[in-house]
Each structure stands twice: as C-alpha cells, then as structure tokens.
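Below is one structure, written out as structure tokens; the observations come after it.
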Amino acid sequence: ETFQKYYIVATHRDIMSLYRGFSFELVTDDNGPTCESENILNKAMGLVRLQSGDVHQSNTDVKLMLKMKFLPYMVRTFLCRNGLSLLDKSADSFENYALGQLMRWGISQKTVDTWMPFLRAWAQYCQSLPSTTSSGVPLPALNSKCYLYHYNEFSDLFNNGHYREFLSTKHTFRGLVVIVGVERPKLTNLATFMSKQLACTKMVTNINNISQDDMLRSIQRSGGGLMCIAQITDGLRNLRALCKTFENAIYVVMVGCLVNEIESLLGKEKDVNQGEVRKIVGMSRGWRNCKCSIMLELPYNVVNLNKKLNSENCVLQVIDKLKTTSASLQSDDRPGLIVFFPAIPGSGKSSLCENLEVDLSSMSIDRKVLVREGDKIQGKYYQLIQKDTLDNPGSLLVVDKNVPPVSWQSIESICAKSRYIAAAVLPEGMSDTVIINGDHSYVFPFTLTYLAICMSRVLSRAPNSHNGKLDSASELACMIVVKFFCFYRKKATCKLEEGLQSIGPAPAKVIKVPFLKNDTKPIDLPINLQKVLSDAIILQTINDLNSKKIVSSSDDMKNTETRLRIELKNHEHFLRQVTADLEVSRQAFLTQLCDISSFLEFTDSLNSQDTLEDSSTGRHIKIFSLDVKMKAVHDILATVTKESDEFDQFMKSRIKDKCNHEDNKSSNRFIISTHCTFAHACNLPPTEMYKRFSHLLGVHLKITATAVLFCDTIAALEVSIPSETSRDPVQPIPPPINKFQHITIWCAKGVSPFESNQLPKMVERGEATKKCFNAPKSLQGILSFWYEPCEDDDDD
C-alpha cells in the first residue's frame, strides 16, 4: 500500500522512483558532462556491472537512474513464488528453472552454491506442507498470494537446522533405498533419519513414481541418492522393471516384514481377516525375491524409536552397509560434451563424423564417443539422446543431425539434466546474406555460396541412397535444402553466435570448421546462380510467412527446383573448386574437439563452471590481448581525419557518442578499453591460452597501425603484430587467432565489438570503407590476460 501511494505522488512530481532494493541518481551539471565527469560516470557504471537495459535516462538526458534489487528479494519473489507452478510438475523442473534464473542474473558461482541447497529444500517443503507453524499457528493454502506465510515458516525451519541434508554439495551415496513395511505412515521417521544420514536429495512415497531418469541421476555424483517409502501392498511391477537395468544400485530394507511380525501386527487389527494376512505375507515374499543389490532386515520396533534412532545399533549397521555397498558404484563424474550442428542438409556433418570414434581414440581422448545419426534413429530423437547422456555420463556425444534454432531448447534441456556442455559446429567465415523482396528484407547467417554447395552435395548423392531420403531422386531436393536455410531467417551471424552461447548451464563452445577455401569471396558466386538462389529463398519465405494462405503453387516449387538443378549443374566445377578440402575440415574439427575435451578435464563439475585459473591471481582467464591506451589510438585517428575528408566526417558525426559507456549496447559508443585480441576463451581453451601466452605477460610491444576500416555500424584500426619481441632475450609471439588483426574503436547501437572481424569482407562487398594510411603509424601496448569477474565482484 505504501509503495502504491508513493508511486502516485512520484508520477506527479520530479522525485526519485522507489524500488524494493535501492537506487540512486547520478546528475550532471547544466552544461552537460565534462570529460572528467564522463570518465567518473563510466567507472561508476563499470563498478556496478550494469547489464543492458538497467540504465534508465529521463527525457532531459541529464539524469541517470541505477536500479538494483537485493538478491534475497529476487530469490523469494522470482524463484520461490514464480516457481510454484513448476513444483506441481516436479522438484527437478523447479530446480532447473531456479538454476537457469541464477545463471541469467550473472550471480557468482559461490553464491549459486549457497542458494541452491535453500531452493532444493524449499521444493521439499512445498511437496510436504505443514498445516501449522512450529508454534502452532494455522497456515493457509500455498499459492502465489499467500506464499509468504509458508516462506517465512520455511526460512525459520531452514535456519534452525532443518533440511540439513540439502546443504551437502557433494553426494557420496548413490542409488535407490526402498524402505518397505506393512504400514507406510509409520515408516516416515525411520526413512527421514536414514535419508539425512545418507545425504539423499529426494524422498518419494510411491515406488511407482520413480522413473528411469530418476535412477540415472541417483547414480551420478551430482544427483544424490533416492529414498523411497513403500508399503508391501504397493506392488512390484515398476521396481522389477527398474531392477532389470539398475540392479546394482537398488537396495531394499524390509522393516517388520518377517512372517511372525506381520501376523502379530495385523492380528491386532479387528477389520483384517486371516485371508488378508496370508495375502500380505505372500506379497512380502515377492519383495524378498526382487533382484536388487542387497536385501536388509530391520525389526518392527525401530519405527517407534523416533529420536533414539541415532543410538540404535541395528539401524546404524544398515546405514553403514548401504554406504559401503554404494561406494562400489562407479560413474564418470566429468562433464560430458554434446556436439551439434546448427546447419542445413549437405553441410558435411556425416563426413566429419565418419570414423570419429577411431580418430579420437588415436588422439588420446579417453572418453566414450557416441555418434547418433538422426536419419538412422527411429522414434523421438531428442528423448533418445537424453537417455544416451544419462546412460553415459562424461561421454562425448555427437548429434549428427541438423539442429536449427527451433531445436536449441532440446539441446539446452539435455545439458541441464545430464551435466553436459554443448559445442556447436559452424562453418568458418560465416557472413550475413540479405535477401530483398519488395519493401521487405530478410537476413540469414549463411552465404549463398554455402547454400549452393550444400545443394550440390545433396544432388551428388546416388538415387535412393540416403537414409533420410534426401538425394538426387527426391523431387524437391533443392527446395528442401532451401527450407532448412530459411529456418535461420532473421538470425544474423552475430545473433546466431550469441544465441548459441546461452545454451546449457555453462556457456556453449563454438567449433569453426573450414568450409570454403581461404581465397573464396562471397561475390565470386556467378550471377545466374545468385539470382535463382535468391528467387528460391523468396519463394520459400512467402510460403513460410503465409501458412494460412498458400501463395506459391506446387508448380512454382517444381519450376524453381528445375532452375536450381540447371544452374548447379552448369557451375558444378566452380563449386568444387571453391570448397575446402575434406581432410582440412576434418583435421580442424578433430583438433578443436580435442582442445575442448582437454579443457573439460579441468572442470570438476558443471556446477562450478570452472575455467582455467591463473595461479597468480586465482581468477578465470577470458582473453589474451595487447592493451593500448585510448588516447594513443585517438591521436592516430586525429591525424587520419586530416588525410581523409570521409573519415573526418565520420568522426565529427559521432562526437556525442563519447559520453556513452562502452558496455551499453543500447547506444552508439566508442571503445575505451582499446586492445587487440590475440585469443578468446570461446575459441581457444584457457588451458591452451595459458600455455601459449603466459610467458609474454607484461611485455611491452610496439606495433604499427596501417589503415582504418569503418561503416555505419562499426569501425576498427587495422594493425600489424611483430612475430617476436624486441627486448633481449628475444621471444616468439604467437599470431592472433583472428586473421584480421585490429583494434575496435567504435560500435553502433546493438552491435558487439567482435563484429569488427567482418569489416574486411564488408569492404570487399562495398559495405564498408578502408582508408590506408600514407605511412604506418606506431603504437605501443602491454600484453595481458583479461579475467572473468571474480566471485567478490558479485553483489549478494
């Protein structure tokens, strides 16, 4: 109510808005920001680690509002409250949702590890709600409006030592314990005590609700054991089915199930006849005949011990036996790797995957390698892949199937459930293709040359030879390839790569494979072939965007297919000439797979999202670069403005952009932390980066600037890097991974600095300008590692 009153007043007055958190304003003087105040503002924004969209400016552009919310409030509201609907499905769904939200908020891993036990315990609380508080006050039904009553009660219980079993992040017990008795309710205290002693992460009260996925997770270190309370009359069908696959991971504890105990217990019940007693005795024999790892017995009197269980020898002996038996279960605790292809038919997936198991084993990869070709698998493909990842933890699994953006969610779900990291395979040298149809334009991340080669490969397949029935005998083979190409509509290259980075609990890796020869340019494609490819894309786009009213007839499709086949046949020799050699592509693919696999060896678990730490700082390496002072760069740009009127106009029209922070993608901005990147963690594993560059840390290096490349969206300074240091002793300098050695100087709204890598190709296509200097200009910088923000940088 108070917030609402304040909001009404605030809307009619020029006063600060109020939030559940804290906020403050940075106000410049009437003359606008000075250079000094601009730098102070930029540093302040950097210190609070603003994300895009966190900055709110008034209409007068003189006020900056920074809005922040305390993490406990966000956990309570956006996780515990908003996740209630997921708890109706399962605790696992809620846990995946909570973990994903914490990752998106940019929370440090230390803080994630602190909050996840709390959230797992909240899920457990919600699935077995008390009717009153610990002091006897009645509690209302749990819903989004009244959840705070339960949240406060749960918080008190958690802080007072309840739910301690959820505080363990390393689960030593693995498998399923089934506690069986005549009466389920009387087994609860015993099951709760044993669950805490074994640090089980989940308790269920119906044996028929346990799935194969539950069992697979229970035998992984990160999953933790399962505890189940069963009644003799529950039936054995589901348990017997589970025992066929998981016999060594299932342990049955019979409580009060000897014949004389059953007869004595049921004999006291007036409404139970002798026939019912004999039936239950017979069913107890069925439980004993179940093929599990071990069958243990406990007397019935232990169910009445309550708090004395920790001193009951027979119970403690059973717990020790369970721990010992569970310790024999072996599982690969390393994160697995799932490799997939955001590609189109004919891109060469199967050729890259051929004999992959043999090739990787010869390169000392000690992981199990699984290749799953989509065209050979019957049934629901991604469900089978999910089962593969759970059955084979720590493996390298290759999804030999085209995985367009609409299917990325399936890959993300698989990673979240089975501790796998994703790696996407993309063609090297990707470049945007823009197709114009009247007033509309559509962008695609692949070139027309790429599309033409993929079509040509599909047509080169012998008739009826392809498992997916896509070969030269297919009536509309080329148009099917076009249809896949159009799945990437509106996905520019930069957006495609950004989207891939967000797949899975840990950032996805990207493998770049040569597809075209190095000297091949997009403009090399013959005009006639360009025209028919564009027409085919427009035709498919019209069909895709007009699903309710089909505009194109089957004759249109067939005619376009015929035109495509004629032009592809005419230029078959040309397409073969510009295509990269298969062995070159395979070698690049295998090398990068090995690098990523080696990097994962240093990752203890996905929950820590480890990257290699620099032992001198304890922080995670992000990039290796040559850092150059911004003033030195802009001094060079000032001299260039005198040599080029076009560049002079470019700089003058962007003077106001100097006030914008370099990390605020919602505005045009100059790059303040000017540097030339040698390697990035997404392209070179930190282990290899450290090995390759650590000896050069702190070295001062002289370089030369030779040209400036610029367009409406981005600008960069082209530089030349020497091959060795100038000081004694002389040391070799590994070349930057990027072929275009440069320093990014300016980015337009929504454009990321790494997009400057495309400038040389944009110059070739006439989309950007390159101004070569009259004479090379000298610069000096320092070689250094950049690090991911450390845990202390995150506000808890």
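The values are calculated or read from the model by the stated rules, or taken from the named source; none is laboratory data. Note that this is a predicted model, so its numbers are computed, not measured. Cβ coordinates were reconstructed from backbone atoms using ideal geometry, including for glycine residues, and neighbour counts include every protein chain displayed. We work out accessible area using only protein heavy atoms, side chains counted, and drop any ligands, DNA or RNA first. Shrake-Rupley method; radii C 1.70, N 1.55, O 1.52, S 1.80 Å.
Got a number for residues in the range 303-318 being in contact with a helix residue (DSSP H, G or I) (Cβ under 6 Å, 6 or more places away or on another chain) and crowded, with 18+ Cβ neighbours inside 10 Å? Adding up the residues that qualify gives 3. The set of residues in the range 177-221 being out of contact with any strand residue (DSSP E or B) (no Cβ under 9 Å at 6 or more places or on another chain), open to solvent by less than 50 Å² (accessible area, probe 1.4 Å) and over 23 Å from Ala241 (Cα atoms) consists of Phe193, Ala199. Look at Ile344 and say whether it is hydrophobic (A, V, I, L, M, F, W, C), in contact (Cβ under 8 Å) with a residue 12 or more places away in the chain, open to solvent by less than 40 Å² (accessible area, probe 1.4 Å) and touching a strand residue (DSSP E or B) at 6+ places or on another chain (Cβ under 9 Å). So Ile344 passes the test. Under the condition of being open to solvent by less than 10 Å² (accessible area, probe 1.4 Å) and not hydroxyl-bearing (Ser, Thr, Tyr), the residues counted in the range 672-683 number 3. When the residues of the range 461-501 are filtered to those that are charged (D, E, K, R) and part of a loop (DSSP other than H, G, I, E, B), the one that is least open to solvent (accessible area, probe 1.4 Å) is Asp471.
The strands (runs of 3 or more DSSP E) found wholly in the range 664-761 and carrying at least 1 residues that are within 30 Å of the chain's Cα centre (by Cα) and closer than 18 Å to Val633 by Cα occupy 675-680, 714-720, 742-747.
When only residues in the range 374-418 that are among the charged types (D, E, K, R) and in contact with a strand residue (DSSP E or B) (Cβ under 9 Å, 6 or more places away or on another chain) count, which is surrounded by the fewest Cβ atoms within 10 Å (Cβ to Cβ)? Across the range 374-418, the extreme among qualifying residues is Lys376.
In the set Arg174, Arg240, which member is basic (Lys, Arg), modelled with pLDDT of 90 or more and either open to solvent by 20 Å² or more (accessible area, probe 1.4 Å) or assigned to a strand (DSSP E or B) (or both)? Step through it out loud before you land on a result.
Working: Arg174 fails: modelled with pLDDT of 90 or more.
Sole residue among the options that is basic (Lys, Arg), modelled with pLDDT of 90 or more and either open to solvent by 20 Å² or more (accessible area, probe 1.4 Å) or assigned to a strand (DSSP E or B) (or both): Arg240.
Exactly one residue out of Met116, Met103, Met65 is open to solvent by 40 Å² or more (accessible area, probe 1.4 Å), modelled with pLDDT under 90 and hydrophobic (A, V, I, L, M, F, W, C), and it is Met103. Listed by first and then second residue, the pairs with beta-carbon distance under 6 Å, at least 6 apart or on different chains, first residue in the range 86-98 and touching a residue at least 12 places away in the same chain (Cβ under 8 Å) and over 11 Å from Leu119 (Cα atoms), second not in a helix (DSSP H, G or I) and not polar (S, T, N, Q), form an empty list.
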